[in-house]
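Engineer: Input: one structure, supplied below.
The values are calculated or read from the model by the stated rules, or taken from the named source; none is laboratory data. Everything numeric here is computed off the predicted structure, so don't read it as measured data. As a convention, Cβ positions derive from the backbone with ideal geometry for all residues, glycine included, and neighbour counts pool all protein chains shown.
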Amino acid sequence: MGSVWEFIWPLILSTGLIALNEMGDKSQFLAMAFAARMKLSKVLIGITLAVFALNAIAVAVGALLASVPGWRSTVQFLASLLFLVFGLWTLKGENEESNNEVVKKKRSYGDVAVVFASFFLSEMGDKTQLVTISLAASYPKVPVAILIGTSLGMLIADGIGIFLGAVANRRLPENALKIISAALFIFFGLFGVWQSLVDVFKLGQVQSVIITVLAGIITVTAGVFIFKKSLTAEEKK
């Protein structure tokens, strides 16, 4: 019984801690944004793969990664830029070729890859992964329990985001969903850019704010252009 409890307790503890840490986190909002724009099956596959990959890294080599100076900030900067790209991509209209079955299949894999990359980079070095590293260090005899528990915790929290996104998908107009989803990506992207300018590039607060504002203006301007172009393409159909 003792050996079973040694496995069950870390499993319960890690599930609860990670679920609480993920509540209100950016990944939950990203899950909501993806679920409002994609099929739930694609979102679930992408998130699940990313969650297990992230937690496997945290459990197996988390301590080693944490000892490498600057790795967390560098990944955060790359993720921020990727979020800006995803925000613009969200505003893009459907391709006319989407009726073709081959194109549909390729796009299906592409959507899963986008979800996977987004979650993987956004959570790499995040507080959730650091909690996972701490749990793995505290319970070194049961790494499988920590892997399963932390993954379940993330999936529970992100599952709530997916549910809310699916509800929004049924209740809100498609163009409103595009704008809301893009706004979420761009917000987190710009916030990450500002953090990286301060932490990675060691710029002052004023300089960082100015550059972030300029990046925001460029991104929003590009987004408006892409959105208007997609509306024009839809009107011509």
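Engineer: Count, please, the residues in the stretch 1-42 that happen to be assigned to a helix (DSSP H, G or I) and under 21 Å from LEU147 (Cβ atoms).
Structural biologist: Total meeting the criteria: 23.
Engineer: Further, regarding this structure: Among the residues of the stretch 180-237 satisfying the criterion of being among the acidic types (Asp, Glu) and more than 20 Å from MET38 (Cα to Cα), which is surrounded by the fewest Cβ atoms within 10 Å (Cβ to Cβ)?
Structural biologist: My answer is GLU235.
Engineer: So is THR90 at pLDDT below 85, closer than 20 Å to GLY161 by Cβ and of a type in the set (Val, Ile, Thr) or not?
Structural biologist: Criteria met by THR90.
Engineer: Turning to a different aspect of this structure: Can you tell me which residue is farthest from GLY125 (Cα to Cα) among those in the stretch 169-219 that are in contact (Cβ under 8 Å) with a residue 24 or more places away in the chain and assigned to a loop (DSSP other than H, G, I, E, B)?
Structural biologist: LEU172
Engineer: Continuing with this model, one more query. Just one of (1) closer than 27 Å to ALA136 by Cα; (2) modelled with pLDDT under 80; (3) over 13 Å from the mean Cα position of the chain (by Cα) trips up ASN99, so point out which.
Structural biologist: Only one criterion in (1) closer than 27 Å to ALA136 by Cα; (2) modelled with pLDDT under 80; (3) over 13 Å from the mean Cα position of the chain (by Cα) is unmet by ASN99, namely (1).
Engineer: Ok, one more. Assuming GLU6 fulfils every condition listed in (1) closer than 15 Å to LEU155 by Cα; (2) in contact (Cβ under 8 Å) with a residue 12 or more places away in the chain apart from one, which condition is it?
Structural biologist: (1)
Engineer: Among (1) without any contact (Cβ under 8 Å) to a residue 12 or more places away in the chain; (2) within 30 Å of TRP9 (Cβ to Cβ), where does ILE148 come up short?
Structural biologist: (1)
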